[in-house]
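Asker: Let me begin by handing over the structure; questions about it come next.
Where a number appears in this text, it was derived from the coordinates with a stated rule and is not lab data. Because the structure is a prediction, the values reported are computed rather than measured. Cβ sites come from the backbone with ideal geometry, for glycine too, and all protein chains shown count toward neighbours.
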Amino acid sequence: MQTDMRFHRNHRAARVLALSASPIFAVMAGLAMLQSSASPLCSSGWLAAHSMALMYALMAVIHFGSWLAPRSQHSERNIL
């Protein structure tokens with residue numbers, strides 16, 4: 001019984017972390033875009049700041065799958 005409770009608590013924590021990744025990366029992409037226009041003194045300049053924003057945007061897209069998984073599992077349960 002104790003092991004089941006621990007498993008469910010750990011599973012819930014992992015699910016929360018998985019769902020929080022995509023929005024956090026999206027915010028980081030927005031902040032990187034804002035920072036790139038505010039700091040022209042960087043040695044690498046515009047390209048480095050925008051490549052960071054692109055990387056964060058791609059990470060947000062990659063981690064967006066965890067938002068789709070619960071919906072697909074829910075629809076499978078309704079079909080069966």
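Asker: Gain in length, His11 to Val61, computed as 0.36 nm per residue apart minus the alpha-carbon separation, to one decimal in nm?
Answerer: Numbers: separation 50, 0.36 × 50 = 18.00 nm, distance 2.27 nm.
Gain on extension, His11 to Val61, equals 15.7 nm.
Asker: If I model a spin label at Asp4 and Val27 as a point 7 Å from the Cα along the Cα→Cβ vector, what separation in nanometres do I get?
Answerer: Going by the 7 Å Cα→Cβ label model, 3.6 nm.
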